[in-house]
Amino acid sequence: QVQLVESGGGLVQPGGSLRLSCAASGIIFSISAMNWYRQAPGKQRELVATMTGAGSTNYADSVKGRFTISRDNAKNTVYLQIDSLKPEDTAVYYCNHNKWGRDYWGQGTQVTVSS
């Protein structure tokens, strides 16, 4: 059974930073591609960062240079470092894994950027 549990969200001022974590179980984490999505109020869920099992990364244009995805295979955890936060980064952030064509999601963690 695949389980993804996010943590690390919160209220941050513009220009601040956060590190989100996603602990995974039920998968062979070290070879698994992992993704971070976000969903802002009234908007569709969007893919913001991906890391393959081999360590290759890809980012949405809107977050390049500010978001960094990384992983610790010993802890079965994927991270999303978010720097230079902007109000438009306010959203619920979700960890995602696709296994055999099925999407698995965590419960999400709220990030609010406001002064």
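Miscellaneous remarks
- Within region 12-86, strands (runs of 3 or more DSSP E) holding 2 or more residues that are charged (D, E, K, R): 67-72
- Any hit, region 34-41, residues being open to solvent by less than 30 Å² (accessible area, probe 1.4 Å), more than 14 Å from the chain's Cα centre (by Cα) and among the aromatic types (Phe, Trp, Tyr): no
- Region 7-32, subset at pLDDT 95 or above and among the aliphatic types (A, V, I, L, M), residue most open to solvent (accessible area, probe 1.4 Å): 11
- Just so you know, in region 72-103 the residues that are among the aromatic types (Phe, Trp, Tyr) and more than 15 Å from residue 46 (Cα to Cα) include one that is surrounded by the fewest Cβ atoms within 10 Å (Cβ to Cβ), and it is 100.
- Being more than 19 Å from residue 16 (Cα to Cα) and open to solvent by 40 Å² or more (accessible area, probe 1.4 Å) is a property that residue 52 has.
- Qualifying residues in region 67-97 (those that are over 20 Å from residue 108 (Cα atoms) and without any contact (Cβ under 8 Å) to a residue 60 or more places away in the chain) - the one farthest from the chain's Cα centre (by Cα): 74
The values are calculated or read from the model by the stated rules, or taken from the named source; none is laboratory data. Everything numeric in this text was worked out from a predicted model, so none of it was measured. Reconstructed Cβ throughout: ideal geometry from the backbone, glycine too, with neighbour counts over all protein chains shown. Surface accessibility is based on the protein's heavy atoms, side chains included, excluding ligands, DNA and RNA. Shrake-Rupley method; radii C 1.70, N 1.55, O 1.52, S 1.80 Å.
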